[in-house]
Amino acid sequence: MSGDGMANAERAQPVLTARAAGLVGCAECGHVYQLGTETCTVCGKRLVSRDMTSLQRVWAWLFAGMVVYIPANVYPMLRTTTFGNTQESTIVGGVFELMDHGSYGVALIVFFASVIIPVSKFIAIAYLAIRIQRGKPGTASHFHLYEVVEFIGRWSMIDVFVVAILSALVQLNFVASINPGIAAVSFALSVAFTMISANSFDPRLIWDAPEGKPV
Amino acid sequence: MAYHSQMTDSLSDMIACPKCDGLHRVPQVDIGAQARCVRCGTVLMAPREGAMTRIVMLSMTALILMIAAVFFPFLELSTHGLGRKSSVFDAILAFSDGLMLPLSFAVAALIVVLPITRFVALIYVFAPMALGWAPAKHARSVFKFAEHIRPWAMAEVFIIGVAVALVKVAGLAQVTLGPAFWAFVGLVIITVLKDNFMCRVTVWQTLNARSPS
Ligand SMILES: [Zn+2]
Ligand SMILES: [Zn+2]
């Protein structure tokens, strides 16, 4: 029998968690053990009912990601030289250039990947972490927010790849050449740090009710 | 399939959702169907007909395409009688001077090294099982590693980057797509197909069931 479609039938009832049943579930493979068991025999992962150290890692990486996002926006991402004239453009400057050329769709993609996604990720991760620290139980929508954040982070890397491709391709001596600026490095770091921050989350914490303070 | 009654079953009949800790009795799931967590909707089981064979085939195809994608010309640029062909390899070396060198390594890792590592790891884990043998030595650690690097294998993000780059140079010069570009597009499609065949919890259950001891 498939579990599909059964989801709605039991949504109203509170779901019994492994922790409430005095058990611990493996975060990797889902196998269930008596509370206190050290490692999972199926996949070898260390068993913790709720990874409370995860929040420290989340905050540390998030903070690092936010700090390096500042130089990523201040310094130039690309240095374009055409017939001896050098132009430098920042992330946002690159978006405006695309709009000047009439490429609104592509400008929108770059703006989304380089500005909207990183900034909303900072806000979303901080919001989820603060909720957990205040002991507020989350709902399915908080969990879906987490899933979106986890899924979408890697797409911010687009602009770094654009810089790499342009720098490799456009090397025509005097006529035109494109070189990466320092912002490419800090932006790549910012994306990587925020991805690590999101991956550090133990999503099981999102659901917990206040009385279910971790054992 | 939520687990509400007294705990009379043995622990191996139960499964805890890795994402929300919801406790479920291991359901009977038909081939082709899937069971989701009642609380958060995460897919807990999704057995597929011949899934392992397909994962192995798709990983092998992806591996071959990747080799073609790296070394064949990727894009060709021409303007004012000047031309330049570049491969993915050149894109990686774009940052090779001075301060940018670490970025070169990062790009190489994200678009080539990690995807290749993942394909090889998946073949190593699934090929013996697809042939009906017991899982290879350390298959569990290798699979755990393959899942761990999954978010960092960014071939599909790179393709969107290529599209944006093409628009950016459109005014500057004429760009022709090389064979490697199409190899890369094929690679991305295959990666998406392959990941659709894989359900992490199901794979762990199969690995566990097929392992000796
Ligand atoms: Zn496990
Ligand atoms: Zn769940």
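The values are calculated or read from the model by the stated rules, or taken from the named source; none is laboratory data. Owing to the predicted nature of the structure, the values given are computational and were not obtained by experimental measurement. Note: ideal-geometry Cβ built from the backbone for every residue, glycine included; neighbour counts use all protein chains shown. Just the protein is used for accessible areas: all its heavy atoms, side chains included, with ligands, DNA and RNA removed. Shrake-Rupley method; radii C 1.70, N 1.55, O 1.52, S 1.80 Å.
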Quiz item: If we scan segment B:104-112, do we find a residue that is hydrophobic (A, V, I, L, M, F, W, C), within 16 Å of ligand 1 (Cβ to nearest atom) and either within 29 Å of A:H144 (Cβ to Cβ) or at pLDDT 90 or above (or both)?
Solution: no
Exercise. Would you confirm whether any residue within segment B:131-140 is away from chain A (no Cβ under 11 Å), open to solvent by 50 Å² or more (accessible area, probe 1.4 Å) and at pLDDT 90 or above?
Key: no
Self-check item: Selection count, segment B:5-60, where residues are within 16 Å of ligand 1 (Cβ to nearest atom), open to solvent by 40 Å² or more (accessible area, probe 1.4 Å), in contact with a strand residue (DSSP E or B) (Cβ under 6 Å, 6 or more places away or on another chain) and closer than 13 Å to B:V201 by Cα
Solution: 1
Quiz item: Limited to segment A:72-121, what total is found for residues that are of a type in the set (D, E, K, R) and open to solvent by less than 40 Å² (accessible area, probe 1.4 Å)?
Solution: 1
Quiz item: Taking into account only those residues within segment B:159-180 that are without any contact (Cβ under 8 Å) to a residue 60 or more places away in the chain and not in a helix (DSSP H, G or I), which is farthest from the other protein chains (Cβ to nearest Cβ)?
Solution: B:A170
Practice problem: Check off (1) closer than 27 Å to B:A94 by Cα; (2) open to solvent by less than 20 Å² (accessible area, probe 1.4 Å); (3) modelled with pLDDT of 90 or more for A:D159 and give me the number that stays unchecked. | Solution: (3)
Exercise. Could you list all residues from segment A:78-98 that are at pLDDT 90 or above and aliphatic (A, V, I, L, M)?
Key: A:I91, A:V92, A:V95
Quiz prompt | Top-ranked residue of segment A:179-205 - restricted to ones that are within 7 Å of chain B (Cβ to nearest Cβ) and not hydrophobic (A, V, I, L, M, F, W, C), ranked as nearest to B:G161 (Cα to Cα) | solution = A:P180
Self-check item: Contacts under 6 angstrom Cβ, first residue in segment A:32-54 being under 19 Å from A:G22 (Cα atoms), partner open to solvent by 70 Å² or more (accessible area, probe 1.4 Å) and within 16 Å of ligand 2 (Cβ to nearest atom), 6 or more apart
Solution: none
Quiz prompt | Residue ID - most open to solvent (accessible area, probe 1.4 Å), chosen from residues in segment B:189-205 that are out of contact with any strand residue (DSSP E or B) (no Cβ under 8 Å at 6 or more places or on another chain) and within 16 Å of ligand 1 (Cβ to nearest atom) | solution = B:R200
Practice problem: Tell me, yes or no, whether segment A:51-71 has at least one residue that is within 16 Å of ligand 1 (Cβ to nearest atom), open to solvent by 30 Å² or more (accessible area, probe 1.4 Å) and within 28 Å of the chain's Cα centre (by Cα). | Solution: yes
Quiz item: Looking at (1) touching a strand residue (DSSP E or B) at 6+ places or on another chain (Cβ under 8 Å); (2) within 16 Å of ligand 2 (Cβ to nearest atom), can you tell me which one A:V48 breaks?
Solution: (2)
Quiz item: Looking at this structure, is A:G36 open to solvent by 30 Å² or more (accessible area, probe 1.4 Å), within 16 Å of ligand 1 (Cβ to nearest atom) and not β-branched (V, I, T)?
Solution: yes
Self-check item: Tally of residues being farther than 25 Å from A:S103 by Cα and of a type outside the set (G, A, S) across segment B:159-187
Solution: 2
